[in-house]
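First the structure, in the form of structure tokens, and then the observations on it.
The values are calculated or read from the model by the stated rules, or taken from the named source; none is laboratory data. All values reported here derive from a predicted model rather than from experimental measurement. Glycine also receives a Cβ, built like all others from the backbone with ideal geometry; neighbour counts cover every protein chain displayed. Accessible surface is based on the protein model in full, side chains and every heavy atom, while ligands, DNA and RNA are left aside. Shrake-Rupley method; radii C 1.70, N 1.55, O 1.52, S 1.80 Å.
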Amino acid sequence: MMTIILGILEEGLVYAIMALGVYITYKILDFPDLSVDGTFPLGAAVTAAGIAGGFLSPGSALAVAFLTGALAGCITGLIHVKLKVRDLLSGIIVMTALYSINLRIAGKANLPIFSKETIFTNDFLFAHVPEALKPFTTTLILLVLVLVCKILLDAYLQTRSGYLLRAVGDNEALVTALAKDKGMVKIIGLAIANGFAALAGSVYCQQKGFFEISTGTGTMVIGLANVIIGTQLFKRFGFVKSTTAVIIGSIIYKACVSAALLVGDLSIGGWSIPVTASDLKLITSVLFLIILVLSPAGGKKVKSHA
């Protein structure tokens, strides 16, 4: 049971970093950014290539992954703002391009780094972490990373730039009235959001020990589900910050997916259908649909920013 709980926490915390980015685009900017499906594996590709090649340390790989994701987010923003391409299409264009770019960076569709040091497996941890804590090391490291991301994002949203970011999602005319470039504010928001997505991809790669080109498929759906679950569950609790709600929502969502996989068999009208790990994407889609249907907002953005 402890192994299952730790697995849920680890998966939930990894995707919580990505969900913080989706929170920016979905809840704040009201921007359906599908480029997240490309920037998540982009972070993993950069990390795997850098660590396998020996020119990036596990820690520096996190920073480089964030910066490359932010660059991809900037490109999405520039296509939308400067070239006047619709928001949805801008994300699709970048997501599609990143598939090939990720393959070029990694060199192949699957790049393992099992034998390399990562933030979860290295000589420092082996030497200094007590034996009793070793089963919880990965979870604790992930928790620290998520808390750092949350604190930094909360701090940014309290700055002048952060207030402008929230204003763009609510009332673009207000930003223009303040003599600020609303397009540039959108680009900054998309850069930060995709930076978080790529950072999550880097953490995922180091946790799993490999890069796989298909890891980004459905990332946006998972992120949206995390955001909607968290914000809907805690919308009546004013003392819970939206970023905290998103993180908790990510863990709850992963718990629901794990519970569905643990059921083993699904009985419908007397028919027994076995549920296996290969059905993960199907389960993800069905759960997301249920969440949208049960959500009071029906999956539509509610313009209220804490």
Selection status of K186, under 15 Å from the mean Cα position of the chain (by Cα), assigned to a helix (DSSP H, G or I) and charged (D, E, K, R): no
Unique match (being modelled with pLDDT under 90 and surrounded by fewer than 24 Cβ atoms within 10 Å (Cβ to Cβ)) among K235, K241, K254: K235
Scan of the stretch 100-119 for residues that are assigned to a loop (DSSP other than H, G, I, E, B) and open to solvent by less than 40 Å² (accessible area, probe 1.4 Å), ordered by number: I113, T118, I119
Where L125 falls short, out of the listed (1) part of a loop (DSSP other than H, G, I, E, B); (2) more than 28 Å from D181 (Cβ to Cβ); (3) touching a residue at least 12 places away in the same chain (Cβ under 8 Å); (4) of a type in the set (A, V, I, L, M, F, W, C): (1)
Unique match (being at pLDDT 95 or above, crowded, with 24+ Cβ neighbours inside 10 Å and either farther than 18 Å from M184 by Cβ or acidic (D, E) (or both)) among A97, A65, A72: A65
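Results for (1) among the hydroxyl-bearing types (S, T, Y); (2) surrounded by fewer than 24 Cβ atoms within 10 Å (Cβ to Cβ), shown as yes or no for each residue.
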position: I5; (1), (2): no, yes
position: T25; (1), (2): yes, no
position: D30; (1), (2): no, yes
position: S35; (1), (2): yes, no
position: G38; (1), (2): no, no
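Is it the case that A52 is crowded, with 20+ Cβ neighbours inside 10 Å, aliphatic (A, V, I, L, M) and either over 23 Å from V185 (Cα atoms) or without any contact (Cβ under 8 Å) to a residue 24 or more places away in the chain (or both)? I'd like the intermediate steps shown before the answer.
Working: crowded, with 20+ Cβ neighbours inside 10 Å: no; aliphatic (A, V, I, L, M): yes; either over 23 Å from V185 (Cα atoms) or without any contact (Cβ under 8 Å) to a residue 24 or more places away in the chain (or both): yes.
Answer is no for this residue.
May I ask you to verify whether L147 is under 16 Å from the mean Cα position of the chain (by Cα), assigned to a helix (DSSP H, G or I) and without any contact (Cβ under 8 Å) to a residue 12 or more places away in the chain? Please lay out each step first, then the result.
Details: under 16 Å from the mean Cα position of the chain (by Cα): yes; assigned to a helix (DSSP H, G or I): yes; without any contact (Cβ under 8 Å) to a residue 12 or more places away in the chain: yes.
Here the answer is yes, as L147 does meet what is asked.
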Residues of the stretch 203-260 satisfying the condition of being outside any helix (DSSP H, G or I), within 27 Å of S60 (Cα to Cα) and hydrophobic (A, V, I, L, M, F, W, C): F210, F211
The stretch 157-195, residues that are among the basic types (K, R), open to solvent by 70 Å² or more (accessible area, probe 1.4 Å) and touching a helix residue (DSSP H, G or I) at 6+ places or on another chain (Cβ under 9 Å): K180, K182
